[in-house]
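Input: a single structure, listed below in structure tokens.
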Amino acid sequence: MSKRILVVLSEYGYWGEELVGPVEAFDRQGYQITFMTPTGKRPHALPPSLDAEYVDPPLGRSVTTRDMARRATELDESTRLDNPVSLQALIPERPYYSALNHLREVEEYHRQLDTATADLVSGFDALVIVGGSGPIVDLANNERLHEVVLAFVSADKPILAECYGVAVLAFARDLEERGSLLWGKHVTGHPKEYDYKDGTGFLGVDFNMGPPPYPLEYILRDATGPDGGFHGNVGKETSVLVDYPFVTARSTPDSVPSGELLVRVLEDGLRRHGW
């Protein structure tokens with residue numbers, strides 16, 4: 001049977017190539033793709049990611065070819081992204097400790113959560129978290145998405161995270177132990193050298209954050225611990241790591257190989273690459 005992939009996108013803007021790369025790899029394999037957003041709103045690409053003339057400030061050059069801009073625009077404007085699954089509708093919200101009937105509400109929460117996550121991991125073979133600046137807003141600290149990540153890890157199913165989507169893996173924690181899922185793992189992600197000094201923006205809001213609100217590299221260095229490691233591979237054209245169950249991609253040009261490597265994980269049992 002064809003494998004099924006769950007692809008999570010921000011409602012505040014994803015980077016075009018970081019969706020195109022994995023999707024095209026999955027399409028070639030005949031995989032079935034389901035898209036999901038935090039509240040079920042249709043996702044859209046960040047405008048600079050569709051512009052081959054846009055110069056990435058840290059690199060001082062365009063990071064999007066004309067061909068990739070065309071492919072990303074076609075996917076962004078297609079009907080494929082219409083009517084995504086709503087994470088909010090699928091995964092219950094953990095009650096506050098101040099809830100009047102806290103114990104009963106927590107019991108009901110876990111009943112609903114167990115059912116929802118069991119359905120997800122039985123229905124999908126892999127999870128993908130697409131990058132861009134949008135995930136900073138509605139994916140990185142999204143507790144519902146954290147529960148999905150925990151469920152896929154518990155089921156020993158692979159997760160691909162790109163760019164600022166890798167932050168989700170650092171923040172997803174079991175609330176009993178609160179230890180990092182990345183402890184002892186080797187990952188990549190947006191390094192400090194590639195961060196904007198100004199211009200971090202999002203769709204749907206008139207807000208320029210300046211630099212990103214947190215340096216992802218520092219978070220990942222702490223999250224992986226002394227026996228793991230962060231690999232920025234600054235100066236190298238691509239940086240994609242596999243340390244099962246995680247496949248992590250640094251930034252834009254890593255999107256195509258990251259999708260190809262996830263296919264190798266699913267088809268060939270690849271468990272380590274890039275470190």
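The values are calculated or read from the model by the stated rules, or taken from the named source; none is laboratory data. Worth saying up front: this structure is predicted, and the values here are computed from it rather than measured. Note that each Cβ is placed from the backbone with ideal geometry, even for glycine, and that neighbours are counted across all protein chains shown. For accessibility, only protein heavy atoms count, side chains too; no ligands or nucleic acids. Shrake-Rupley method; radii C 1.70, N 1.55, O 1.52, S 1.80 Å.
Assorted remarks:
- In the stretch 180-198, the residues that are of a type outside the set (Phe, Trp, Tyr), closer than 12 Å to Leu216 by Cβ and not in a loop (DSSP other than H, G, I, E, B): Val187, Lys192, Glu193
- Residues that are in contact (Cβ under 8 Å) with a residue 24 or more places away in the chain, surrounded by fewer than 19 Cβ atoms within 10 Å (Cβ to Cβ) and out of contact with any strand residue (DSSP E or B) (no Cβ under 8 Å at 6 or more places or on another chain) within the stretch 229-252 comprise Asn233, Val234, listed in sequence order.
- The residue of the stretch 192-228 that is least open to solvent (accessible area, probe 1.4 Å), among those that are closer than 23 Å to Leu59 by Cα and touching a Lys or Arg at 6+ places or on another chain (Cβ under 7 Å), is Glu217.
- All of Pro48, Pro84 fail the test of being open to solvent by 20 Å² or more (accessible area, probe 1.4 Å) and in contact with a Phe, Trp or Tyr (Cβ under 6 Å, 6 or more places away or on another chain), apart from Pro48.
- Flag: Arg264 does not match the condition of being more than 28 Å from Thr65 (Cα to Cα), without any contact (Cβ under 8 Å) to a residue 40 or more places away in the chain and open to solvent by 60 Å² or more (accessible area, probe 1.4 Å).
- Single residue of the stretch 51-79 satisfying the filter (open to solvent by less than 50 Å² (accessible area, probe 1.4 Å) and either part of a loop (DSSP other than H, G, I, E, B) or at pLDDT below 95 (or both)) that is nearest to Val7 (Cα to Cα): Ser78
- Total residues in the stretch 13-40 satisfying the condition of being in a strand (DSSP E or B), open to solvent by less than 20 Å² (accessible area, probe 1.4 Å) and of a type outside the set (Ser, Thr, Tyr): the figure is 2.
- Enumeration of residues in the stretch 125-179 that are in a loop (DSSP other than H, G, I, E, B), on the phi > 0 side of the Ramachandran plot and surrounded by 24 or more Cβ atoms within 10 Å (Cβ to Cβ): Gly132
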